[in-house]
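Worksheet: the structure to be examined is printed underneath.
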Amino acid sequence: MLNAVRGKAASAEAVVAAPMSAASVKPALPPMPVKPPAAKDKKAAAGVDRRSFVAICFDPLWLAFGAMAATSVLWLLDLARFMFPNVLVEPPTAFKIGPPSDYPLGGVSTKWLAARGVWIVHTDQYKGRNLIYALASVCTHLGCTPNWLEGEQKYKCPCHGSGFYVNGINFEGPAPRPLERVGLKLAADGQLEVDKSVKFQEEMGQWEDSNSFVDGSLA
Ligand code: FES
């Protein structure tokens, strides 16, 4: 009897308790949307990043590494330049200019002026001798390049006005002496060969040297 009463009481409690537990279980809430970081936060983060970048750039250790790297690159460039030096290729001082017949009497050839700096002269206006010779195109005043004036039959320096006759003798302006001859000979193959490594000065009596001219009758 007592047990039956207790059983009823328990079931009554269960009936009362059941609606309460159901009420106490709350339905699961949907997840809260994540709030995107505010623009201010982004700026702050970017500022922090920039500051760290600048800090890294000016870090003494990185500066030292940078200086070492730059020094190494410069050293390597210097080494490369040393391994491949600039080579100044100059034309040979001796060169062939063709047979004497290319240079008729009374003519001043400017064919080799630009490339080799000489006039080839065939004249009989030096001591009445028929000669072919090569004159260096260097003014004996201060080294400018005179121009050959065919109409006036003279070399005229544009710098200070010195003038030279067709044979190279100076006659006006400040040039103190004649133009210089360079070496000239008849090569074995019948061509004239100029040699700029040797010079002949008239005032020194060097124009009498047979290496300073070729007989003009060969032309
Ligand atoms: Fe030719 Fe002076 S350099 S006249």
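Of all residues in the range 161-170 being in a loop (DSSP other than H, G, I, E, B) and more than 9 Å from the ligand (Cβ to nearest atom), which is farthest from Leu113 (Cα to Cα)? Only one residue tops the list, namely Ile169.
Within the range 175-219, if we keep just the residues that are within 16 Å of the ligand (Cβ to nearest atom) and touching a Ser or Thr at 6+ places or on another chain (Cβ under 6 Å), the residue that is nearest to Phe95 (Cα to Cα) turns out to be Arg177. On the stretch given as the range 171-197, residues that are of a type outside the set (Lys, Arg), touching an Asp or Glu at 6+ places or on another chain (Cβ under 9 Å) and assigned to a strand (DSSP E or B) total 5. The residues of the range 143-160 that are more than 8 Å from the ligand (Cβ to nearest atom) and surrounded by fewer than 16 Cβ atoms within 10 Å (Cβ to Cβ), listed by number, are Thr145, Asn147, Leu149, Glu150, Gly151, Glu152, Gln153.
A quick yes/no check of all residues on (1) free of Cβ contacts under 8 Å to residues at least 60 places away in the same chain; (2) within 20 Å of Lys156 (Cβ to Cβ); (3) part of a strand (DSSP E or B):
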{"residue": "Phe95", "(1), (2), (3)": "no, no, yes"}
{"residue": "Pro104", "(1), (2), (3)": "no, no, no"}
{"residue": "Val121", "(1), (2), (3)": "yes, yes, yes"}
{"residue": "Gln125", "(1), (2), (3)": "yes, yes, yes"}
{"residue": "Ile132", "(1), (2), (3)": "no, no, yes"}
{"residue": "Leu135", "(1), (2), (3)": "yes, yes, yes"}
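For the condition over 19 Å from Gln201 (Cβ atoms), modelled with pLDDT of 95 or more and touching a Pro at 6+ places or on another chain (Cβ under 7 Å), His141 does not qualify.
The values are calculated or read from the model by the stated rules, or taken from the named source; none is laboratory data. Everything quoted here is computed from the prediction, not taken from an experiment. Note that we place each Cβ from the backbone using ideal geometry, even for glycine, and neighbour counts take in every protein chain shown.
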